[in-house]
Structures are given as structure tokens and as C-alpha cells.
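The values are calculated or read from the model by the stated rules, or taken from the named source; none is laboratory data. Note that the coordinates shown come from a computational prediction; the quantities given were computed from them, not determined experimentally. Glycine also receives a Cβ, built like all others from the backbone with ideal geometry; neighbour counts cover every protein chain displayed.
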């Protein structure tokens, strides 16, 4: 049985990620993954040209919000394309969140993780194990920061930020490591 395309949805309509109010990219077939990766790879090329050390493509977890139109395998195959391109440009590539796929990070070609709220959700250990402690932890609450630091403060890079990731001088700005 053929799977429906996320871009087409159930009745030819765009599927919107309800959590982020944005359309999902259809990575449900190898050909579609190649087309989407070609576009994203141009952004990766721009990062390499600007001298970046690494990239972090977001939305690895979009399959979880696709109403079963995409799979974890689709997401991993797509990220593998991006990883190969990033590595060819001498860039490291990060997994952002998506702890359920941390165990396939080698297959996906990912070098490190950016884990939001892993202290708050008791996920830091899974990231630390999968990525050999190459994890950047971002906590948005004091309690999350305390939990992350108490378990992994000597092993992982941990920071407390405001959820809007405001700039210094802003009234909402928070950046602490203790």
C-alpha cells in the first residue's frame, strides 16, 4: 500500500505541523528526500562559505507530528543525506532533540547533539551515551538547569537560556551556566 504524501495530506492539502504552525516537508520517498536535501544543502554550503564549524538542521522530529505520513526511517534517511553533504564541506552536524533517534546517530552521520530540556525530561543520559558526551544542553527553567547540572555538569556543556533566546540587553535575556 502506498503512503500518502505529507505535502498532499489526506485530501491534497498541505499538512501543517500543529505544534509549530508550519508546513511539513515531504521526505517520504528517496526522490523527495533528494529534492529537499538539494535545497537544504545550499544553506549548508552558505554556512561553510561563512566559516561555520557546524550546522544543526532542525525538525528531525517532524515525522512525530506528521499524522503517521512520515516515519523515523524517512527522517533518518533524510538526515543522512544532509550529514554526508555537511561532512563533504568539512562541517560537523548536530542532532537537535529527538532523543528517540539518538541511538541511530552513527547511521544518520550525526556528530553531536543539541538537547533542549534534557534535564527537565530526564533525557540527558540517553544523549550522553549515544553521542559520547558530545552534547550541548539548553535548559529553559532553573529546575531543568539544576537537574542537568546535578547529573551531567562535569560531562556536558549546559546552559540556562530564556525560551525566546533573546539578545543581551533584552529584558527577557537569560544566560547562565550555574
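Some notes on this structure:
- Scanning segment 65-93 for residues that are part of a helix (DSSP H, G or I) and free of Cβ contacts under 8 Å to residues at least 12 places away in the same chain yields 73, 88.
- When residue 20 is tested against (1) outside any helix (DSSP H, G or I); (2) farther than 22 Å from residue 126 by Cβ; (3) modelled with pLDDT of 95 or more, just one condition goes unmet, and that condition is (3).
- Selection over segment 66-89 of residues that are more than 21 Å from residue 130 (Cα to Cα) and either surrounded by 19 or more Cβ atoms within 10 Å (Cβ to Cβ) or in contact with a helix residue (DSSP H, G or I) (Cβ under 7 Å, 6 or more places away or on another chain) (or both) gives a count of 5.
- Output for segment 37-61, where each listed residue is part of a helix (DSSP H, G or I), touching a residue at least 24 places away in the same chain (Cβ under 8 Å) and out of contact with any helix residue (DSSP H, G or I) (no Cβ under 7 Å at 6 or more places or on another chain): 45, 47, 48, 61
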